[in-house]
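Scroll down for the structure; my scribbles are underneath it.
Nothing in this text is a laboratory measurement; each read-out follows from the coordinates by a stated rule. Values in this document were obtained by computation on a predicted structure and should not be read as measured data. In this analysis, Cβ positions are derived from the backbone assuming ideal geometry, glycine residues included, and neighbour counts consider all displayed protein chains.
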Amino acid sequence: MSFSRSNLSDDLAAIAAAARDAMLRARHVVVLSGAGMSAQSGIATFRGGDDSLWSRFDPQQLATEQAWRRDAALVWGWYRWRIARVAAAQPHAGHHALAALATHMPLQVVTQNVDDLHERAGSEVLAHLHGRLDALRCFDCGRAHADPLPHYDPADPPQRLAPPACAQCGGQVRPGVVWFGEALPETAWQVAVQAVVAADLVLVVGTSGLVQPAAGLPALARRNGATLLEINPERSALTAGVDLYWPTTAAPALPQLLPA
Ligand code: BJW
Ligand code: ZN
């Protein structure tokens, strides 16, 4: 049989129908989102493609504690640029669909994303596994930093910038993200584990499935009886282990899961 264009679109329609069916039957859904969830809001992913962050910037120079100790102005300038990009972005139809779905059924969002686009679409996020860009705190004493940041034009490229000073100890204020080699926030990790263990459907959206320990959550869910549904235009490290792989993007796919 030839693999014609009409067969492909028939296949996609069948997958969409199966995904809708899985949602209808589910009693406890956990969404595990990654950077691909925010891609159609104009936020760069970390891996894949010429525009991805790690193809343009070196994670060892920017996303580790050692990098901060070596050159905090380089690291802070890059994060200040990313904070401005996120602030200028808007949630897309997929973010809104997840918020709407949660009004129809028990649905919890666990995200690796450091932006707040789920929240701005109306979702309550159960766990930010890798923290949040804007949850600023002092690198030295840990105190939260809530003062507004000086203006930064999101169209400007990243540039070296001295981090704000901590009001308590005068130390350097850092972004609230989890760098490589740092532990995930304990509570966020515990509630995420509990949620996926209790879920009967885990919807994995837009993650490469390469970063541990978050990448282990779908397999944990499956060992505890959950069905795994993945939305990603490219196959990921998780695809071989899911029950249903929907090769599409988040913004058009997620609204199709809403009940008619
Ligand atoms: C679309 C789409 C569209 C495109 N629609 N989809 C075991 C084995 C090997 C290594 C390790 C291990 N355990 C720990 C490690 C080390 C490390 C790790 O995993 N490294 C691997 C990379 C090899 N892990 C850690 O260091 C973690 N810490 C830890 O384990 O600590 C142990 C410890 C315990 C006790 C005490 C002390 C320590 C921490 C990991 C922190 C990750 N941090 C980052 C940066 C956050 C800060 C920042 O923002 O700068 O988090 S890395 C980056 O990757 C970011 C992301 O959250 C994370 C995951 O990326 P994600 O979301 O999957 O995005 P991408 O870009 O990879 O993929 C995008 C996907 O979307 C693609 O598949 C596209 O196809 C798809 N897509 N458009 C839907 N429209
Ligand atoms: Zn301090």
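Could you run the Karplus curve 6.51 cos²θ - 1.76 cosθ + 1.60 with θ = phi - 60° over segment 68-76 and give me ³J(HN,Hα) per residue in whole Hz, x for Gly and Pro?
4, 5, 6, 7, 5, 5, 5, 5, 4
Given H placed 1.01 Å from N in the peptide plane, which residues other than close sequence neighbours of Phe139 have an amide H under 5 Å from its amide H?
Long-range HN contacts for Phe139: Gln172, Val173, Arg174.
Report Rg/Rh for segment 25-88, rounded to two decimals, where Rg is the Cα radius of gyration and Rh the Kirkwood radius.
Values: Rg = 15.1 Å, Rh = 13.6 Å.
In segment 25-88, Rg relative to Rh is 1.11.
Quick one: putting +1 on the C-beta of Lys and Arg, -1 on the C-beta of Asp and Glu, what dipole do you get for the chain around its Cα centre, in Debye to the nearest 20?
Details: 20 positive and 23 negative charges, 39 e Å.
Dipole magnitude for the chain comes out near 180 debye.
Could you tell me how many degrees, from 0 to 90 and to the nearest 10, lie between the Cα long axis of helix 5-25 and the main elongation axis, the longest principal axis, of the Cα atoms of the chain?
Computed tilt is about 80 degrees.
Quote the relative contact order of segment 39-193 in percent (integer), defining contacts as alpha-carbon pairs under 8 Å separated by 6+ residues. Before the final figure, lay out the partial values.
Details: 237 pairs, mean separation 39.7, N = 155.
Once divided by the residue count of segment 39-193, the mean separation gives 26 percent.
Once you keep just the Cα pairs under 8 angstrom separated by 6 or more residues, what percentage relative contact order results for the chain? It would help to have the intermediate numbers written out before the result.
Working: 474 pairs, mean separation 66.0, N = 260.
Dividing the mean separation by the residue count of the chain yields 25 percent.
So what is the orientation-averaged projected area of the chain, using the convex hull of its C-alpha atoms, in nm²?
Working: hull surface 60.0 nm².
Orientation-averaged projected area of the Cα hull: 15.0 nm².
Whats the longest run of the chain with zero GluC sites (Glu not before Pro) that are DSSP loop and have at most 14 other Cβ atoms within 10 Å?
Answer from the scan: 1-123.
Cβ under 12 Å from His95's Cβ, His95 left aside: what net charge do those residues give with Lys, Arg +1 and Asp, Glu -1?
-2
Can you work out ³J(HN,Hα) from phi for every residue in segment 223-233, in order, using Karplus 6.51 cos²θ - 1.76 cosθ + 1.60 and θ = phi - 60°, giving whole Hz and x for Gly and Pro?
Once rounded to whole Hz, the list reads 4, 9, x, 7, 8, 10, 10, 10, 10, 6, x.
Considering segment 111-213, what Rg and Dmax in Å follow from its alpha-carbon atoms?
Gyration radius and largest Cα-Cα distance of segment 111-213: 16.1, 48 Å.
Would you mind checking the tilt of helix 186-198 against the longest principal axis of the Cα atoms of the chain, expressed as 0 to 90 degrees and rounded to 10?
0
Can you tell me what the convex hull of the Cα atoms of segment 23-129 projects to on average, as an area in nm²?
7.4
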